[in-house]
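S.K.: One structure follows; several queries about it will come next.
The values are calculated or read from the model by the stated rules, or taken from the named source; none is laboratory data. Treat the numbers as computed from the prediction; the structure is a model and nothing was measured. Positions of Cβ are backbone-derived with ideal geometry, glycine not excepted, and every protein chain shown enters the neighbour counts. To get the accessible areas, we keep the full protein, side chains included, count just its heavy atoms, and leave off ligands, DNA and RNA. Shrake-Rupley method; radii C 1.70, N 1.55, O 1.52, S 1.80 Å.
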Amino acid sequence: MPMAMAFISPAGLFPSRPLHLGGLAPTRRGGAARSPPVPGQWGLPTAAPAVRGLGTTRNCRAAAIFSSPCPPSSSADVTCEAGDPRGAPPVPTPLLAPPLFPVADTRPAASAPTRKTTAPWRRRLGVVASAMVLLGAGASRRAVAASAPVSVTSPAAVSVTVESPTAARVAVKGGRLAPLRTTLHRVMPAEGDKPLVLAAKVATLAVALFSVAFAGMIAVFYGIQDRLVYKPSRESRGTPGDFGMPDFDDVSFCTMDGVEINGWFIRRPGQEYRTARTLVYFHGTDKNASFRLKKAAGFFEKCHCNVLLTSYRGYGSSGGSPNEKGMCRDADGAFEYLRARTDIDGGRLWVFGESLGGAVSLHFVKRYEQFVNALVLENTFTSLLDMINREFPFLGVFRYLSRNQWRSTSRIRSLTLPMLFLSGQRDAYIPPDMMKQLHSLAEASSSYTEFVPISDGTHSRTWTNKNYFTSVSAFMDKVEREGLSHAEPMPRDTLKDSGDVQFA
């Protein structure tokens, strides 16, 4: 089938001076019809046959589709008229391109063709403008040709039905013709492409699909990363009174960003709590503070200390949702709460952190080190980035995009206070080697460190070992007895960051 090409007349660029193309006879501004070109005008040796189903619009004044000359065979797809009166050979058939918005053809009937001399500069202008438009709309040729089927009605005439090809629309934008066609259409493989062109298109599509899939994975990971790290629960396991600790205060304070944090301050019996040690307990990543009450009772009984145990934001009855920045603010709020209590010994503050709580406790200690006697860490990690690489190796590429990084190694390097490391050797979640790495970093700057490996300790049950609380109590006694800590009493001045502090 003969190839078809489309172009748009520059008449659309100059609406005040329409140009003639092929057999088109535009209307004068005064409303009178202009005579169509005669045979031989603009290089056309014969008159063009009539075309059915054409219309005009304001936005597309002149457009044409030229088909190649028809072969003399009667079996051709297109049958042309048998020459003109002078015996000239058949000529290309000018066809109008479909308008953007179909309207009725209201042009007046053309008068008999008359010869008219056209200035050479106008012909050249039409040719040059047409060539420029052809270059701009070259990407749409194949779509236009495919959307213009030709049907034969009689041996003496040609009937053409042109479907409106949306991909071939051209609009004036920014002073130039711009094809309204997406890049995807341009790279779609089409029938008749050369092997190299086809290979280039397939490669382009593969790269585009990979890029979209890669961007989608990043978006999904960024959206669900908090759910991969934090496992909060709203379920309650009771109160300290249910675990043999009847003297406690319900704690409720607001962080500097307005999130309410809830928990308990467990007091030693009678007036003992006023001079006893106070342990700040930062729990792990799952459940909430109520699931640690039994373990807190061990510190309460074996180490003879008060215990401040709260649930992070999003855990238990606390508000908000968990993330690194917010949980650091929760820790800051806990310090402000303790500083507001004038009924406890502000110079006997101890900090404990397990698993993820170890990372939170390192933030707490690094910021308030001068007021902390010592730090106790249990089965914690070097950084959350290392854990992501271990637990989700397929996300290793995206780990640096995480907003939860918890870089404990960078926080522990500069700490000088005494530290105790309790490492369960059967921990299947956090490798015991991470605890050894943290201990090695702490030895370089800390005034005193201890590393206690617990052979049968798993990640969540290390504390059930009979030597667990004994080791913690002995460590506390040694630090106080030998004066290894140089903590200052907590200041009692006005609260700064955390906002309101309430006592139940």
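S.K.: Give the residue that is farthest from Arg403 (Cα to Cα), with candidates limited to residues of region 335-345 that are surrounded by 20 or more Cβ atoms within 10 Å (Cβ to Cβ) and in contact with a helix residue (DSSP H, G or I) (Cβ under 8 Å, 6 or more places away or on another chain).
M.R.: Ile344
One line per residue, one yes/no per condition, for (1) touching a Phe, Trp or Tyr at 6+ places or on another chain (Cβ under 7 Å); (2) crowded, with 24+ Cβ neighbours inside 10 Å:
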site	(1), (2)
Lys302	yes, no
Tyr315	no, yes
Gly320	no, no
Gly347	no, no
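S.K.: Please count how many residues of region 284-294 are open to solvent by 10 Å² or more (accessible area, probe 1.4 Å) and either modelled with pLDDT under 95 or in contact with a Ser or Thr (Cβ under 9 Å, 6 or more places away or on another chain) (or both).
M.R.: Count: 4.
S.K.: Within region 381-409, count every residue that is assigned to a helix (DSSP H, G or I) and at pLDDT below 95.
M.R.: Within region 381-409, residues that are assigned to a helix (DSSP H, G or I) and at pLDDT below 95 number 17.
S.K.: Given (1) closer than 27 Å to Thr275 by Cβ; (2) of a type in the set (Ser, Thr, Tyr); (3) assigned to a helix (DSSP H, G or I), where does Thr342 come up short, assuming only one miss?
M.R.: Checking Thr342 against (1) closer than 27 Å to Thr275 by Cβ; (2) of a type in the set (Ser, Thr, Tyr); (3) assigned to a helix (DSSP H, G or I), the one that fails is (3).
S.K.: Which is farther than 21 Å from Asn323 by Cβ and either touching a residue at least 40 places away in the same chain (Cβ under 8 Å) or assigned to a strand (DSSP E or B) (or both), of Leu205, Leu279? Before you say what the answer is, go through the steps one by one.
M.R.: On the way: Leu205 fails: either touching a residue at least 40 places away in the same chain (Cβ under 8 Å) or assigned to a strand (DSSP E or B) (or both).
Exactly one residue qualifies, and that residue is Leu279.
S.K.: Further question on the same structure: Please determine whether any residue of region 236-245 is under 26 Å from Arg341 (Cβ atoms), open to solvent by less than 50 Å² (accessible area, probe 1.4 Å) and in a helix (DSSP H, G or I).
M.R.: Within region 236-245, one or more residues are under 26 Å from Arg341 (Cβ atoms), open to solvent by less than 50 Å² (accessible area, probe 1.4 Å) and in a helix (DSSP H, G or I).
S.K.: Which residue pairs have Cβ atoms under 7 Å apart, sit 6 or more places apart or on different chains, and have a first residue in region 402-425 that is over 15 Å from Thr380 (Cα atoms) and a second that is open to solvent by less than 10 Å² (accessible area, probe 1.4 Å) and in a strand (DSSP E or B)?
M.R.: Matching pairs, first to second residue: Leu417/Ala374; Leu417/Leu375; Pro418/Ala374.
S.K.: Out of all the residues in region 322-334, which are assigned to a helix (DSSP H, G or I), touching a residue at least 60 places away in the same chain (Cβ under 8 Å) and either aliphatic (A, V, I, L, M) or open to solvent by less than 20 Å² (accessible area, probe 1.4 Å) (or both)?
M.R.: Gly326, Asp330, Asp332, Gly333, Ala334
S.K.: For region 255-267, what are the residues that are open to solvent by 40 Å² or more (accessible area, probe 1.4 Å), farther than 13 Å from Val307 by Cβ and in contact with a strand residue (DSSP E or B) (Cβ under 8 Å, 6 or more places away or on another chain)? Quick ask: steps written out before the conclusion?
M.R.: First, pick out the residues of region 255-267 that are open to solvent by 40 Å² or more (accessible area, probe 1.4 Å): 256-258, 260, 267.
Checking which are farther than 13 Å from Val307 by Cβ leaves us with 256-258, 260.
If the condition is that a residue be open to solvent by 40 Å² or more (accessible area, probe 1.4 Å), farther than 13 Å from Val307 by Cβ and in contact with a strand residue (DSSP E or B) (Cβ under 8 Å, 6 or more places away or on another chain), then Glu260 is the only one that fits.
S.K.: Taking Ser447, is it polar (S, T, N, Q) and in contact (Cβ under 8 Å) with a residue 12 or more places away in the chain?
M.R.: So Ser447 passes the test.
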